[in-house]
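The values are calculated or read from the model by the stated rules, or taken from the named source; none is laboratory data. Since this is a predicted model, take the numbers as computed values, not measurements. For neighbour counting, all protein chains shown are included, and Cβ atoms are generated from backbone atoms with ideal geometry for every residue, glycine included. Surface areas here come from the heavy atoms of the whole protein model, side chains and all, with no ligands, DNA or RNA. Shrake-Rupley method; radii C 1.70, N 1.55, O 1.52, S 1.80 Å.
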Amino acid sequence: MTAILARCYEYCRGVACVTILGASIARAQTVNGKIATQSGGVLKPVAGAIVALLDSSGRVVTSKLAEDGGSFSFLAPSAGRYSVRVDRVGFRSSVTAPFLVRQADSVDVPITIVSENVSLRAIIVSADRRCLVRPQEGVATAELWSEARKALNATQLTQLAQAASKSRRDPHRFAVRWRTFKRDLEPHTLTPIRDEQVELEGETVTPFVSADPEMLARDGYLSGTIETGGTYYAPDAAILLSDRFLDTHCFRLQAADRDRRDDLIGLAFEPVGLTSHVRAGHVDVRGVLWLDRTSAELRYMEYTYVNLPIEANTQQAGGRLEFRPLPDGRWIVWRWYIRTPGLERQRISLNSQTSDWRTEVARIHENGAELLEVMPTGTRRVTLASLRGRVVDSLRGTAMIGVRVFLSGTSFAASTEADGSYRIDSVPPGRYTASFIAPGLDSLLIDPPAHELSLSAGEDKRVDMAVPSFRTVSRDLCAVPLADSASMIRGIVRDSGMAIAGVQVRAEWSEVLRAGANGLRTQPVWLETTTTSGGRYSLCGLPAATRITLRARRGRAATTSAQHPLGQGELRRVDLALR
């Protein structure tokens with residue numbers, strides 16, 4: 001009997017299980033309905049409301065956004081008593097009377113709600129602002145949290161619905177055009193030191209993917225160390241709505257500062273027992289959810305990190321998320337950024353004899369994005385970019401013809417025309433490194449210049465490139481730029497075909513000097529260097545129009561090479577082989 005059951009089980013794992021699964025879905029119980037509001041005796045559908053299926057204890061079983069026409073549909077996990085709650089940002093919530101759902105039953109629940117606006121103008125922020133964990137109903141703090149929760153929940157459901165709609169046709173699916181930015185800011189004035197921006201287009205953007213709430217409560221919002229570089233985590237909508245966050249953080253009312261809009265009221269959050277304990281090395285977050293007093297809509301959230309191992313103010317370590325509603329009732333994060341401190345160690349003098357090292361915030365790294373446009377699905381803008389420019393030879397002052405210009409790590413490339421111009425089309429937006437390949441550079445052992453650049457959607461960017469001038473090459477190879485009248489020789493020294501480091505290379509020539517009133521005499525002069533890794537050497541500041549002899553020696557192996565006179569500003573390559 002056991003063997004027979006085992007064979008039946010294996011069979012069900014194959015084809016037969018499809019029939020069984022289909023039967024289980026067919027017997028599932030569903031809750032369907034439409035949401036409407038009455039206006040002037042006419043029922044009007046309500047789209048974009050947050051619809052939640054509640055069990056008999058009032059716990060949320062599942063939730064979603066109402067479709068066009070106000071319709072919704074739920075799969076109830078089992079038979080029992082349920083109710084439906086309807087939330088709308090800025091309006092009073094509605095809960096239906098409990099109803100019975102039988103096994104394999106389909107229940108229709110039409111809902112007519114009263115559009116009663118919520119106003120936060122009557123709430124007064126008193127001096128006694130106790131920090132409450134999970135504030136109870138009826139408390140002003142609870143009222144603010146209720147309205148903030150609606151916007152956070154709508155934002156989270158919008159992101160989930162947008163991700164799910166990629167695999168199916170959905171009238172709510174939309175596309176967005178957004179701009180990302182990476183900046184380095186001066187820590188005191190927040191003036192940009194470096195600013196990189198790229199425009200992109202695609203599906204809606206999740207500002208950042210935070211970690212599991214349990215992990216954050218256990219390990220904190222910083223993994224690694226701030227000194228050696230770590231990962232900062234930010235509280236997104238899913239984190240703020242999680243039970244773990246609500247159990248470990250308390251809430252209190254926050255009045256707007258004088259320099260802020262007086263029509264805002266804040267709901268501040270911070271770790272429980274912040275003033276009495278925060279575990280050593282455990283980085284947490286505190287912040288404020290700012291709501292509009294008139295509409296009760298969530299405008300933005302600011303947060304900063306608590307218990308960082310350095311003195312960093314709220315502008316140097318923290319972030320901000322700005323929320324906006326879409327016309328169909330969905331909510332999105334419209335703009336966001338996260339700031340993290342960039343540290344440097346600096347020596348400070350304690351007195352005339354002693355000094356010490358101190359770690360300071362030298363710059364602030366800011367990463368973020370902002371939506372520029374929300375578009376219907378299928379809408380396309382100019383999404384590809386182009387790169388053009390001209391390549392010249394600074395050593396000779398001429399255009400470089402037939403040079404291959406390319407974007408490193410990609411297949412995007414072009415060859416220069418007769419005037420040295422090039423053009424690369426149909427490049428996706430992003431960050432690239434542009435360079436070129438020229439035989440003259442390879443023969444002189446000069447690395448081609450690399451240009452880091454950002455391309456935005458629809459951008460036509462010009463980047464001119466050039467073979468480095470003699471002065472630039474000499475500065476890089478000789479530590480100081482040489483005069484245009486001087487010359488250089490560089491090359492590779494090999495022994496039995498292998499490039500050898502540590503070989504002494506000498507350039508010898510003679511100078512004519514005046515001896516007495518009418519006499520002349522010659523004086524031997526030499527310049528010496530040693531080959532580096534790869535067998536390379538450079539002899540800088542050689543005289544022009546002078547015969548020079550090169551000598552290389554390594555132990556008993558040596559070689560000699562007589563050179564024709566160099567021209568002014570000439571860079572000549574001479575490879576030497578030891579014998």
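Run the accessible area of the stretch 35-111 with a 1.4 Å probe and give the carbon-and-sulfur part as a rounded percent.
Values: 1940 of 3810 Å².
C and S atoms contribute 51 percent here.
How high is the FRET efficiency between residue 55 and residue 258 when r is their beta carbon distance and R₀ equals 56 Å, given to the nearest 0.05?
Numbers: r = 47 Å, r/R0 = 0.84.
Efficiency, rounded to the nearest 0.05: 0.75.
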Checklist outcome for this item: Gyration tensor (Cα only) of the stretch 396-533 to equivalent ellipsoid, semi-axes in Å sorted down, yields 43, 19, 13
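Can you pull the percent of the stretch 485-579's accessible area that's carbon plus sulfur, 1.4 Å probe, other chains left in place?
Values: 2550 of 5410 Å².
Here carbon and sulfur together make up 47 percent of the probe-accessible area.
Counting other Cβ atoms within 10 Å of each Cβ, which trypsin sites (Lys or Arg not before Pro) in the stretch 383-421 have at most 15 and sit in a DSSP loop?
On the way: sites: 388, 390, 396, 404; in loops: 396.
The qualifying sites are 396.
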Checklist outcome for this item: For residue 196 and residue 527, extending 7 Å from Cα along the Cα-Cβ vector and measuring point to point gives, in nm, a value of 3.8
Checklist outcome for this item: Expected unfolding gain across residue 42-residue 282 under the 0.36 nm per residue rule, minus the alpha-carbon gap, is 80.8 nm
Checklist outcome for this item: Rounded to whole angstrom, the alpha-carbon centroid of the stretch 466-503 lies from that of the stretch 537-579 at a distance of 11
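After finding the eigenvalues of the alpha carbon gyration tensor for the stretch 465-579, what semi-axes result from the square roots of 5 times each, listed largest first in whole Å? Walk me through the intermediate numbers first.
Numbers: eigenvalues 132, 87, 23 Å².
With the √(5λ) rule applied to the stretch 465-579, the semi-axes are 26, 21, 11 Å.
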Checklist entry - With each label point set 7 Å from Cα along the Cα-Cβ vector, what nm distance links residue 399 and residue 547? => result 4.3
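Please give the peptides 466-479, 110-123, 448-461 ranked by average Cβ packing (other Cβ atoms within 10 Å per residue), highest first, as a rough proxy for protection. Each step should come with its number before you reach the end.
Details: 466-479: 17.4, 110-123: 13.7, 448-461: 15.8.
Peptide ranking by packing, descending: 466-479, 448-461, 110-123.
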Next on the checklist: Per residue of the stretch 398-413, what does 6.51 cos²θ - 1.76 cosθ + 1.60 with θ = phi - 60° give for ³J(HN,Hα)? Whole Hz please, x for Gly and Pro, Karplus curve as stated.
Outcome noted: 10, 6, 9, 9, x, 7, 8, 9, 8, 9, 4, x, 10, 9, 7, 7
